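> What follows is a structure written as structure tokens; I'll ask about it next.
What follows draws every value from the coordinates through simple rules; no lab data is involved. Predicted, not measured: the structure shown is a model, and the values here were computed from it. Counting neighbours? That spans all protein chains shown, and the Cβs are built from the backbone with ideal geometry, glycine included.
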């Protein structure tokens, strides 16, 4: 694909610990087009954050990429050295972390932190720094008076907005977000999502949005990847996945949300718990919890099968 | 509805049976900021009831005072004003350690974070036996063991003998939270204060615990005060719902009535913000604003700054809860005036 800004192919990440090797990301491949919004959903421990860290080259030992490539704007960023990486990071892609309180420096004002980021990437002029700082704060709807504020003087929602403003400083092509709304309550969460989507449409950057809450990205993402125990089990257009979920895990996940609309129905959730990543079964990793499991599911990890506009890792779709 | 029919009522209990828990004008203020400090109004003049065998959900944003309310009922905090009656007797008047232990046995709490609420150096069995020793001191060791096992079986942690010997770190998040429920359940409670018991769990695990709450309520007639920010899960398990905003109860009533015909603009805002895969595409919320800090709030409606339908009176007079339909009350000058 020529308009893809990011190609992840055959990516594998392992945590090598004394207690054994945990396979956190296994054979993940996808591409991301310019200006696309990709949601990655899954439960805790499914490898979604590890995947995001691998894409951003932020993994620290004992985690390591053991196979696969991450090609960003034509360059394999897994092969870049630290200084080459520094030039790409933040200028071409930025990261918004889960907890803004921990990601922001508590003893520096917002203005100082913005200035740091810009100076580190070669913007030296004071007037340019000031005007750009005002500009990005205005983009996320925060009064420029807050440039003089310290993080603790801002509400949770504002801090997350400051983080997003900071990611926008150098107009990157891609922003990866790791559960940026999970510390917020529903109302603040919703308004932040609306804002991210508006900014993205206006400025044209691509977004990879990692979350455990599938319902959150339902109306904001273009495509969705559902992860389970280190693998992508279903990937495709968001609306199609919500309307016709095909993988039994996706179906179970969607059936786990109580709704405020329609008649009240009893839900079952998904019984059991995900497998231990250090001791994975030979076959399908969802087999133990799957209501539609067949005998053959235990033999080998199923391939991704193309069904409609989606790809599904399930033997039920082998002959489609 | 004509004005004459709108009585200023607060509780929606059937009069035949006294409520299990009755909270009347409960208020909790905290002093913040040292000597020249000011007053934070965490809960202001809250009145509600919980009947036997009923799940009542308290929903609101962070900072709405919902957790403080639960902690007041649990006697973690002393109320600034107001009264809590459990089975008709005053909870605030409890003084002796014996009465307090007995009360907390009947009204235990289940906490949000199953990773922090279980002691990690002790086995599950120890935590259960310890609770039984304190709150049901009359049991013999053999009866204690049986009660602990029965509680684990009841929450789906079987085989119980095996799970009693496990440390918290050997259990998954969902199992840990089940152990938390077992701890409460082993005390033969009348009312469980569940403070966001599922919000730290994965989506696929949550429903199992909500079903457990519903089952315990239906079969064992245990009441729950279910504190949550998730209005969809509140609908799933509760018979009645209480909506809190900035320390005040702004709306309460039978869950389905409140959700189908929300009277308070804040309830409407909350409903429009719920991420729901089944939401019709037309539903969309506008500008949401931020919840206020409730430091010395003064007179007037606390939702005023975010309210799309506010009138002049809203800034001057704090609205009281008024009935908008049978068993459904809201505190709004405009919709429940």
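> What are the radius of gyration and Dmax of region B:173-221, computed over its Cα atoms and given in Å?
Considering region B:173-221 through its Cα atoms, Rg and Dmax are 10.5, 28 Å.
> Using just the C-alpha positions of region B:14-79 as equal point scatterers, what log10 of I(q)/I(0) does the Debye formula give at each q in 0.19, 0.28, 0.29 1/Å?
With one equal scatterer per Cα and no solvent, log10 I(q)/I(0) is -0.80, -1.32, -1.35.
> Same structure, new question: On C-alpha positions alone, give me the angle between the axis of helix A:156-168 and the longest principal axis of chain A, in degrees, nearest 10.
The two axes meet at around 80 degrees.
> For region A:158-184 and region B:38-114, what is the centre-to-centre distance using only Cα atoms, to the nearest Å?
The distance from the Cα centre of region A:158-184 to that of region B:38-114 comes to 38 Å.
> Give me the Kirkwood hydrodynamic radius of region B:74-180, using the inverse of the mean 1/r over all pairs of distinct Cα atoms, in Å to one decimal.
Taking every pair of different Cα atoms in region B:74-180, averaging 1/r and inverting gives 15.3 Å.
> Okay, moving on. Can you compute the helix-only [θ] at 222 nm over chain B? Use -39500 (n - 2.57) per DSSP H run of at least 4 residues, normalise by all residues, nearest 500 deg cm²/dmol.
It comes out at -9000 deg cm²/dmol, rounded to the nearest 500.
> Can you sort B:23, A:129 so the residue with the fewest Cβ neighbours within 10 Å comes first?
In order of increasing Cβ crowding within 10 Å: A:129, B:23.
> I'm a student and want to see the number: the projected area of the Cα convex hull of region A:161-201, averaged over all directions, in nm². Please report the intermediate quantities before stating the final value.
Values: hull surface 11.5 nm².
For region A:161-201, the mean projected area of the Cα convex hull comes to 2.9 nm².
> Taking each residue of B:51-62 in turn, how many C-beta atoms of other protein chains fall within 10 Å of its C-beta, and what is the average?
Partner Cβ neighbours, averaged per residue: 1.
> I'd like to know how the protein assembly as shown sits against the 2.2 N^0.38 Å rule of thumb: what's its Cα Rg over that expected value?
1.02
> Another question about this same structure. Would you please calculate the Kirkwood hydrodynamic radius of region A:251-320 over all C-alpha pairs and express it in Å, rounded to one decimal?
Answer for region A:251-320: a Kirkwood hydrodynamic radius of 14.1 Å.
> While we're here: Using per-residue counts of other Cβ atoms within 10 Å, averaged over each peptide, order B:301-314, A:41-54 from highest down.
A:41-54, B:301-314
> P(r) for region A:1-54: what percent of alpha-carbon pairs falls in each 10 Å bin, starting at zero?
P(r) over region A:1-54, rounded to whole percents: 21, 48, 24, 7, 1.
> Here is a further query. How crowded by other chains is B:212-225, given as the mean number of beta carbons from other chains within 10 Å of each beta carbon?
Rounded to a whole number, the mean comes out at 0.
> Using all C-alpha to C-alpha distances in chain A, build P(r) with 20 Å bins and read off the rounded percent in each one.
Bin by bin from 0 Å, the calculated values are 31, 56, 13, 0.
> Next question, about the same structure. For chain B, calculate the relative contact order in percent as a whole number, restricting contacts to Cα pairs under 8 Å that are 6 or more residues apart. Walk me through the intermediate numbers first.
Numbers: 650 pairs, mean separation 75.1, N = 337.
Rounded, it is 22 percent for chain B.
> Got a sec? How would B:49, A:296 order by Cβ neighbour count within 10 Å, fewest to most? Don't skip to the answer; put the middle values down first.
On the way: B:49 21, A:296 13.
By the 10 Å Cβ count, ascending: A:296, B:49.
> State the percent of C-alpha pairs, over all pairs in region B:130-250, separated by a distance greater than 22 angstrom.
Above the 22 Å cut-off, region B:130-250 has 39 percent of its Cα pairs.
> Can you give me the angle between helix B:173-185 and the longest principal axis of chain B, using Cα atoms only, in degrees from 0 to 90, rounded to the nearest 10?
With rounding to tens, the tilt is 90 degrees.
> Convex hull over the Cα atoms of region A:1-158, averaged projected area in nm²? List each step's numbers first, then the result.
Details: hull surface 45.8 nm².
Across all orientations, region A:1-158 yields a mean hull projection of 11.5 nm².
> Shifting gears a bit: So, R0 is 41 Å and r is the distance between the beta-carbons of residue B:31 and residue B:260; what FRET efficiency does that work out to, to 0.05?
Between residue B:31 and residue B:260 the formula returns 0.50.
> While we're looking at this one, here's another question. Once the Cα gyration tensor of region A:147-244 is diagonalised, what are the square roots of 5 times its eigenvalues, in whole Å and ordered largest first, as equivalent ellipsoid semi-axes?
26, 15, 12
> Restricting the calculation to Cα positions, tell me the Rg (one decimal) and the Dmax (whole number) of chain B in Å.
Looking at chain B, its Cα Rg and Dmax stand at 20.7, 67 Å.
> Taking chain B as a Gaussian network, Cα atoms linked when under 10 Å apart, which of B:180, B:327, B:253 shows the biggest mean-square fluctuation?
Fluctuation is largest for B:327.
> Something else about it: Averaged over every viewing direction, what's the projected area of the C-alpha convex hull for region B:127-188? Give it in nm², one decimal, please.
3.7
> Still on this model: Could you work out the mean count of beta carbons from other protein chains within 10 Å of each residue's beta carbon in B:254-263?
Averaged over the peptide's residues, the number is 1.
> Turning to a different aspect of this structure: Treat the count of other C-beta atoms within 10 Å as a stand-in for reagent exposure and order A:214, B:252 from fewest to most.
Fewest-to-most ranking of A:214, B:252: A:214, B:252.
> Calculate the spin-label point distance for residue A:29 paired with residue B:318, positioning each point 7 Å from the Cα along the beta-carbon direction, and give it in nanometres.
Label-label distance for residue B:318 and residue A:29, simple model: 6.4 nm.
> Something else about it: On a 0 to 90 degree scale, rounded to 10, what angle separates helix A:126-139 from the longest Cα axis of chain A?
50
> Further question: If you project the alpha carbons of region A:87-185 onto the principal axes, what extent comes out on each, in Å, largest first?
38, 28, 23
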